[in-house]
Amino acid sequence: MRAMPRRALAAVPAAVLMFGLVACGGGSDSGDSAAGSSNTQAAAPAEDEAAEAAGGGDAVETPLTGEAKEKAEAAALAAYPGTVVKSEKDAENPGMYAVEIKKADGSEVEVYLDPATYKVVKTKDEEADETGS
C-alpha cells in the first residue's frame, strides 16, 4: 500500500517541470521581444509550418543563404533592376522564394520565384500594399 504514494511522488517533479516549460515557453506572443527574439530566428522550418497550420500568427520567414540566395537575387534583379532589400523563403506563399527589391525610383517590389527554376511567378507592389490599394 505504501508503494502507491511513492509512485505519485515520483511523478510530481515531472509534472512541475512540464508546467514550468509550458508556462515559460508558451508566452512568446506576450510581447516580450527580448525573450522571444533569439528563439524566433532559430526556429526550424518545420516549426514555422506547424505554427502556420495551427493559426499561431505569422510564420517566421527564413532568410535565403548560399547558392539559393545568389540565384534568387540574380533572377529577381534581372527582372526588376535595383537593390536587394531582403531574400527569404516566403511564409505567405509556401514553396516560393521572395526577394524584395528597391528600384531606382525608390519604389519597392516583392518578386516571388519558383525555387526549382528561379523563374518569376508573381510580384507584389510593396507601396500599393502599404497604402491599401
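The values are calculated or read from the model by the stated rules, or taken from the named source; none is laboratory data. None of the values given here were measured: they were computed from a predicted structure. Cβ coordinates were reconstructed from backbone atoms using ideal geometry, including for glycine residues, and neighbour counts include every protein chain displayed. Remember, those area values only see protein heavy atoms, side chains included, never the ligands or the DNA or RNA. Shrake-Rupley method; radii C 1.70, N 1.55, O 1.52, S 1.80 Å.
Here are the numbers for this structure:
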| item | result |
| --- | --- |
| Qualifying residue in segment 71-79 (condition: open to solvent by 70 Å² or more (accessible area, probe 1.4 Å), touching a strand residue (DSSP E or B) at 6+ places or on another chain (Cβ under 8 Å) and at pLDDT 95 or above) | no |
| Positions within segment 82-93 being within 18 Å of GLY66 (Cβ to Cβ) and charged (D, E, K, R), in sequence order | LYS86, GLU88, LYS89, ASP90 |
| Residue in segment 94-110 that is surrounded by 16 or more Cβ atoms within 10 Å (Cβ to Cβ), without any contact (Cβ under 8 Å) to a residue 40 or more places away in the chain, farther than 14 Å from LEU64 by Cα and aliphatic (A, V, I, L, M) present | yes |
| Filter result (assigned to a loop (DSSP other than H, G, I, E, B) and open to solvent by 70 Å² or more (accessible area, probe 1.4 Å)) within segment 81-93 | PRO81, GLU92 |
